[in-house]
Amino acid sequence: MTTFLRFAAFVAALLVVAYGLGETSDQADQRWLLLLAGAGVMLAIAWWPRGTSTLPIYNRTVLRWATLLVVAVTLISVQLVRIQIVESGRIAARSAEVADGQVVANPRERLRALQVQRGTITDRNGQVLAESVEQQDGTYVRQYPNIEAAGLIGYYSPALYGSTNIENEFDSYLSGTEGGNPAEEWINGIIHEDKRGYDLSLTLDIALQQKANELLAGRPGAVVLMDADTGEVLAMAGAPSFDPNRLYANTGQQSEDEMAAIRAYWQELIDNPDAPLVFRPTQGLLNPGSTFKTVTASAIVDSGRANADTIFRDEGLFEVDGRVIEEPNRPDPTQIDFTLEESYAWSLNVVFAQIGLQLGSDTLLKYAERFGFGSAIDFDIPTAKTQIASSRDELNNRALLADTGFGQGQILATPLQMALIAATIANNGVVPDPFVVDHVLDSEGKTIEQFSGGDGQRAISPESAAIIQRLMQSSAEFGYASGIQIDGATIGGKTGTAEVGEGEPHSWYTGYAISGERRLAVAVVVEHGGPGSETALPIAGEMLRAALAPAP
């Protein structure tokens, strides 16, 4: 056996072990055992004794068994390193849901959660949204003194239901296991030393959040208000919501009666047909109706096939392969020629059906994807994947393509997605990267990590964005999106009335307000709320006014 082969086997064993140690998921355990076995074979090849053929059989046998024993001890040592150091945190945090819906987890981790002061979550002005309050016995209870942002913050219930949204996605910071000195964090993890969690400061303005909740008034729907330039989320409300204080449960802190009350509240939330545990701004998938026409208009303009003054014909009816599209929105039934600007302001379905066909499925899909459709938005909490159609092939159907052009068809969007479309137009064609967690602070108030939205991705050219701004501002001035006036601000908007088959249509509004250096974008949806101009638009107007109002 050559020296080179032995060396190659030894190096290969090291690489296999290193790769296996880097795989840290439950699904990696079986692969790891296979890799470890392979590494054992390679080590046996590398270390197999040479020149033993001349030795007595007893000596030869002892050397070979000793080599196998060394390989076995080495593999066991590597496995112990993986379990006790590399995988210790994940193994300790393992949990599983049993038949009755309870989450079974490591009791030591639950006890540790009692003893660690979990980080505080505040809004941009320092208002406390979540905090851990010390009890007389030295343990801590998670409390939510302000539940206006409950859906966004999520709940923390280690003994029963785990955690969601910010409480879950930023758990490593809030629990103090990540964010400080890496070496110190690593050592603390090995010796299981408890420490105070780090605090989170959000971009959220709780006063605007409260305003959004008041305007929704419990009706199923959502409001998203954001800075179109930076991507900062100022308000993100979904209704109906829940009280996270009533879901908090930890080992040994609640009596049997209290635990029963928590389970009863959970079941009440689960049984509610309006799904209060679904955070609609990021997880609610709804047809956006005519608000999607902003994407269609952007595609026809940016592809160089039309401008604001291009004339389209709308005679009140349009037939596509047996599908008859009726026009309910013409302001004057005797007028049949409309500019793109007028068509957008009056939300003419027939015109945008024709535009969808003129663009074709490939071009419409390309621009929709530039605005973020077809994927989950990269955000601080999980977002649902949006769609233009159930598959690309579906849009080869001309009738469906026409419906998609004016915002019906199979389109599904989240309110956050629609807010980003309005923000893109206000931001001169660049899709801002949204974020809501601004920075992480230690116990002394020192910022240890700062977040930002990044540079964003360009969807359309600045010149095209300027044309779409003209369309949106005309819609807000004399079209169906009119009715929002704010002194010193330029308003652009688009309403939507999304037909959903049964019941009243969903009421939508997307738009922006530009005042000086500030550019704000808003999206509002009220499920089964009727016309967008009657329900969603007034809510959006109140939100923009509140956000632009001078500080008291």
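Here's the picture: charge each Lys and Arg Cβ at +1 and each Asp and Glu Cβ at -1 in the chain, and of Ala353, Gln457, Val526 the one pushed furthest to the positive end of that dipole is Gln457.
For the chain, give the magnitude of the charge dipole about the Cα centre (Cβ charges: +1 Lys/Arg, -1 Asp/Glu; no others), in debye to the nearest 20.
Working: 38 positive and 68 negative charges, 516 e Å.
Once rounded to the nearest 20, the dipole reads 2480 debye.
Look at where the Cα atoms of the range 277-324 and of the range 484-532 average out, and the two centres are 15 Å apart. Exposure proxy ranking for Glu542, Glu444, Glu148, based on other Cβ atoms within 10 angstrom of each Cβ and starting from the fewest, stands as Glu444, Glu542, Glu148.
Other residues with beta-carbon under 13 Å from the beta-carbon of Asn427 carry, at +1 per Lys or Arg and -1 per Asp or Glu, a net charge of -3. What is the local net charge at Glu268, summed over the other residues whose Cβ is closer than 14 Å to its Cβ (Lys, Arg +1; Asp, Glu -1)? Around Glu268, the surrounding residues sum to -1. Placing pseudo-labels 7 Å out from each Cα toward the beta carbon at Asp309 and Val133 gives an inter-label distance of 6.6 nm. Remark: Tyr140, Tyr265 ranked as Tyr265, Tyr140, counting other beta-carbon atoms within 10 Å and listing the fewest first. Stokes-Einstein D for the range 490-552 at 37 °C, 0.692 mPa s, Kirkwood Rh over Cα pairs, in µm²/s? In µm²/s, the coefficient is 271. Histogrammed with a bin width of 5 Å, the alpha carbon distances of the range 424-550 distribute as 2, 11, 16, 17, 17, 15, 10, 6, 4, 2, 1, 0 percent, first bin at zero. For the chain, the convex hull drawn through the C-alpha positions has a volume of 216 cubic angstrom per residue.
Between Glu502 and Ile85, the simple label model (points 7 Å from Cα in the Cβ direction) yields a spacing of 6.0 nm. With Cα atoms defining each centre, the range 397-419 and the range 147-173 are spaced 32 Å apart in the structure. What is the Cα centroid distance between the range 206-255 and the range 440-458, reported in whole angstrom? Distance between centres, Cα-based: 22 Å. Sketch the reach of a paramagnetic label on Asp271 as a point 7 Å from Cα along Cα-to-Cβ, and name the residues of the range 227-263 whose backbone nitrogen lies under 20 Å away. Within reach of a label on Asp271: 240-244, 246-248, 257-263.
How much length is gained if the chain between Lys446 and Ser461 is pulled fully straight, taking 0.36 nm per residue apart and subtracting their Cα-Cα distance, in nm to one decimal?
1.4 nm
Ranked from highest to lowest mean number of other Cβ atoms within 10 Å per residue, what is the order of the peptides 165-175, 314-324? Numbers along the way, then the final one.
Working: 165-175: 21.1, 314-324: 13.3.
Ranking the peptides 165-175, 314-324 by packing returns 165-175, 314-324.
Using Cα pairs closer than 8 Å and at least 6 residues apart in sequence, work out the relative contact order for the chain, in percent.
Numbers: 1129 pairs, mean separation 70.9, N = 552.
Contact order relative to length: 13 percent.
Take the Kirkwood radius over Cα pairs of the range 345-472, plug it into Stokes-Einstein at 37 °C and 0.692 mPa s, and you get 201 µm²/s for translational diffusion.
The C-alpha atoms of the range 116-182 occupy a region whose extents along the principal axes are 32, 30, 27 Å, arranged from largest to smallest. Need one number: the % of Cα-Cα pairs in the range 289-352 sitting beyond the 15 Å mark. Counting pairs separated by more than 15 Å, the tail of P(r) holds 49 percent.
Can you tell me which of 10-22, 492-504 comes out highest on packing, and rank the rest after it, using the mean Cβ neighbours within 10 Å? Before the final figure, lay out the partial values.
Working: 10-22: 16.2, 492-504: 20.2.
The peptides rank, most packed first, as 492-504, 10-22.
Magnitude of the Cβ-charge dipole of the range 314-451, K/R +1 and D/E -1, about the Cα centre, nearest 20 debye?
Numbers: 8 positive and 22 negative charges, 55 e Å.
My answer is approximately 260 debye.
Summing charges over all other residues whose Cβ lies under 13 Å from the Cβ of Glu232, with Lys and Arg as +1 and Asp and Glu as -1, gives -4. For the range 410-466, a simple Cβ point-charge model (Lys and Arg +1, Asp and Glu -1, everything else neutral) yields a dipole of about 260 debye relative to the Cα centre.
Given only helices, namely DSSP H runs of n ≥ 4 each adding -39500 (n - 2.57), what is the per-residue ellipticity at 222 nm of the chain, to the nearest 500 deg cm²/dmol? Spell out each step's value before the answer.
Working: 19 runs with 221 residues, N = 552.
Only helices count here, giving -12500 deg cm²/dmol.
Legend: ranking of residues Met543, Met418, Met226 from fewest to most surrounding C-beta atoms inside 10 Å; resulting order Met543, Met226, Met418. Ranking Leu544, Met236, Gly493 by how far each Cα lies toward the positive end of the dipole of the chain (charges on Cβ) leaves Met236 at the top.
None of the figures in this text is laboratory data; all of them are computed from the coordinates on show. Just so we're clear, the structure is a prediction, and the values are computed from it rather than from any experiment. A quick note on method: Cβ atoms are made from the backbone with ideal geometry, for glycine too, and the neighbour counts reach across all protein chains shown.
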